[in-house]
1. Provide a single number: the residues in the range 191-208 that are more than 18 Å from Gly174 (Cβ to Cβ) and not in a strand (DSSP E or B).
2. Starting from the range 221-246, take each residue that is buried (at least 20 other Cβ atoms within 10 Å of the Cβ) and list its partners that are outside any loop (DSSP other than H, G, I, E, B) and among the basic types (Lys, Arg), counting only C-beta distances under 8 angstrom and pairs at least six apart or across chains.
3. I need the full set of residues from the range 122-148 which are of a type in the set (A, V, I, L, M) and more than 16 Å from the ligand (Cβ to nearest atom), in order please.
4. Pick from the range 95-119 the residues that are in a helix (DSSP H, G or I), within 19 Å of the chain's Cα centre (by Cα) and of a type in the set (A, V, I, L, M): which of them is nearest to Val331 (Cα to Cα)?
5. Take the conditions of a type outside the set (Val, Ile, Thr), outside the structural domain of Ala18 (by TED's automatic domain parsing), in contact with a strand residue (DSSP E or B) (Cβ under 6 Å, 6 or more places away or on another chain) and at positive phi and apply them to Gly192. Does it pass?
6. Hey, among the residues in the range 149-168 that are surrounded by fewer than 21 Cβ atoms within 10 Å (Cβ to Cβ) and part of a loop (DSSP other than H, G, I, E, B), which one's farthest from the ligand (Cβ to nearest atom)?
7. Specify the residue that is nearest to the chain's Cα centre (by Cα); the eligible residues are those in the range 225-254 that are in a loop (DSSP other than H, G, I, E, B), of a type outside the set (Ser, Thr, Tyr) and more than 21 Å from His327 (Cβ to Cβ).
8. Restricting attention to the range 272-299, report how many residues are touching a Phe, Trp or Tyr at 6+ places or on another chain (Cβ under 7 Å) and closer than 18 Å to Leu23 by Cα.
Amino acid sequence: MSGPLRIGVVGAGNISGAYLETLSRLPNVRPVQVAARRPERARAVAARFPEVRATTPEDLCASDEVDLVLDLTTPEAHLEISLAAIAAGKHLYGEKPLAPTVEEARTILDAACAAGVRVGCAPDTVLGTGIQTARACVEKGEIGVPVAATAFMTTPGHERWHPDPEFYYRPGGGPLLDMGPYYLTALVLLLGPVRRVTGLSGSPRRTRTIGSGPRAGTTFPVEVATHVTGVLEHQGGALSTLMMSFEVWDSTLPRIEVYGTEGTVSAPDPNSFTGDVRVRHAADPAWHTAPVLGGYADGERGIGVADMAHAIATGRPHRASAELAYHVLDVMEALLAAAKSGDSRPVVSDSPLPEPIPAAARPEELGQG
Ligand SMILES: NC(=O)c1ccc[n+]([C@@H]2O[C@H](COP(=O)([O-])OP(=O)(O)OC[C@H]3O[C@@H](n4cnc5c(N)ncnc54)[C@H](OP(=O)(O)O)[C@@H]3O)[C@@H](O)[C@H]2O)c1
């Protein structure tokens, strides 16, 4: 294949505009079609992007104009859309989580393997300068041997701002499966894959109320744990302490910190592409801001797709890989199972770590050889 990778987007909701903005400006990808369940929603999104035409999910998957299906549907539709794309011989990149369950994710990966197509998965925020710089600090030995980490994600809940927030409270959602992929992917990049987990969870409120948009005031049921705490044992022995919550009105907790024998690295929000990485060395009481040591500059949602397009064109592994997303999903499912049973659970999956991204890399240059 020569020329930009042609992208068909399934899902025309809240996040679709951010992806289409990025994909429209990068040279090695070209968004060409968009589809949703409701044709008028696909048409409304297509109207904002002159190169993109609205169609149905079925026609998009079957189209000769599409090389990669970008699945921006809600988690419960990921299996259906993924299998349709793979059956049509398309590469696939999906929003997180890869699927609501490990079993569904395995079905997707097996189908892709049999079809000889690639699968990528969000988050791609960890390819930005924030987490890539934190990873470089840890790998350079700035804090000695890493022994532990913390990861905290706190919010009162997405129903305050999302006009259709029910999916955040159904299987495949909740603070762990929705926001955990950002934090756990970052922790895996910083400390390596996970081999064992334990934790506890709670779900104190049985309903939530939509806070914005045309359906504001509508109450809907909560079907998942809304406060999850856990401990992860990484393969190298380091321990990460985790709290993912839709129950916290405010907090002053850091997002991610890594503690080593010689110091501490404080990483920025892994749901963001940028942000300062701060380092405190054992011998120096002051915190220092690290220079940018890695990551795509000016990252936006969609750079993982562009990285994958470059990987397909050049025959290298893509970084936002399905194997990494599968491992993260496996960790999350094991943590929820441990929280139910009250014991610890082994994590059997593994994942190769993606190649670090050099400091001066620009996604705009991915198409230039
Ligand atoms: N919102 C964010 O800020 C954000 C940020 C990062 C990641 N994400 C992730 O992105 C994904 C989508 O989130 P969102 O906020 O954009 O959701 P959303 O606003 O509810 O939009 C979901 C879209 O998927 C379409 N859809 C759902 N089921 C479908 C099916 N079976 N076949 C075809 N289309 C289907 C919907 O079609 P209709 O429009 O016709 O209903 C809608 O266009 C989720 O996995 C979420 O975790 C969201």
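The values are calculated or read from the model by the stated rules, or taken from the named source; none is laboratory data. All values reported here derive from a predicted model rather than from experimental measurement. Using ideal geometry, Cβ is built from the backbone for each residue, glycine included, and neighbour counts are taken over all protein chains shown.
1. 3
2. What qualifies is Val222/Arg208; Leu232/Arg196; His234/Arg195.
3. Just the residues of the range 122-148 that are of a type in the set (A, V, I, L, M), to begin with: 122, 126-127, 131, 134, 136, 138, 143, 145, 147-148.
Listed by number, the residues that qualify are Ala134, Ala136, Val138, Ile143, Val145, Val147, Ala148.
4. Quick first cut of the range 95-119, residues in a helix (DSSP H, G or I) only: 102-115.
In the following step, the residues that additionally are within 19 Å of the chain's Cα centre (by Cα) were identified as 102-106, 108-109.
Checking the rest, the ones that are also of a type in the set (A, V, I, L, M) come to 102, 105, 108-109.
On the way: Val102: 10, Ala105: 13, Ile108: 18, Leu109: 17 Å.
Looking at the filtered set, the residue picked out is Val102.
5. Details: of a type outside the set (Val, Ile, Thr): yes; outside the structural domain of Ala18 (by TED's automatic domain parsing): yes; in contact with a strand residue (DSSP E or B) (Cβ under 6 Å, 6 or more places away or on another chain): yes; at positive phi: yes.
Yes.
6. At the first step, the residues of the range 149-168 found to be surrounded by fewer than 21 Cβ atoms within 10 Å (Cβ to Cβ) are 150, 152, 154-156, 158, 160-164, 166-167.
Still in the list and also part of a loop (DSSP other than H, G, I, E, B): 155-156, 161-164.
Numbers: Thr155: 12, Pro156: 16, Trp161: 8, His162: 6, Pro163: 7, Asp164: 4 Å.
Per the criteria, the residue is Pro156.
7. Start the filter on the range 225-254 by keeping residues that are in a loop (DSSP other than H, G, I, E, B), which leaves 225-226, 235-238, 246-254.
Remaining after also requiring of a type outside the set (Ser, Thr, Tyr): 225, 235-238, 246-250, 253-254.
Next cut, more than 21 Å from His327 (Cβ to Cβ) only: 246-250, 253-254.
Numbers: Phe246: 18, Glu247: 21, Val248: 22, Trp249: 24, Asp250: 23, Leu253: 21, Pro254: 19 Å.
Only one residue tops the list, namely Phe246.
8. 1
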